Amino acid sequence: MAATIYHIDTIISDPAVRGGQPVIAGTSIRVSDLIASHLYRGQSPEEMAANFNLDLGQVYAALAYYYQHKAEVDARMRADADESLGLLDDLERSGKLIRVG
């Protein structure tokens, strides 16, 4: 008897959703959004499920996807951070950056 391979369709990539970045199916929540919450904010899978209104299966699918595609997701997160810094620099140079406090 041959083994059955189950495909989990929880993580998708659609050019029409978030520029084709990997997201949780049926949402626009990027895998990188969950990973940032986990790695940089120290959120547990249970906290991420509650905060993003997901079930634990979706959160664990995102974590599994990340660890299977770590280099790619990390590179995308670095590129997003660099782009954000560039946009902030542009706002500051143009005098449009508002600082509070």
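Things to note:
- Taking the longest Cα principal axis of the chain as reference, the axis of helix 56-68 is set at about 80 degrees.
- Sites LEU88 and SER28, calculated FRET efficiency, Cβ-Cβ separation with R0 30 Å, nearest 0.05: 0.80
- Computed E for ALA79/ASN51 - FRET, C-beta separation, R0 22 angstrom, nearest 0.05: 0.35
- For TYR60 and ALA2, a Förster radius of 35 Å and the Cβ-Cβ distance give a FRET efficiency of 0.85, rounded to the nearest 0.05.
- 19 Å cut-off, amide nitrogen to a point 7 angstrom out along ILE12 Cα→Cβ, residues in region 21-45: 21-34
- Given charges at Cβ of Lys, Arg, Asp, Glu: the chain dipole, positive-most of VAL23, LEU91, THR10: LEU91
- Relative to the dominant Cα principal axis of the chain, helix 31-41 is inclined by about 70°.
Values in this text are rule-based calculations from the coordinates and carry no lab data. All values reported here derive from a predicted model rather than from experimental measurement. We place every Cβ from the backbone using ideal geometry, glycine too, and count neighbours over all the protein chains shown.
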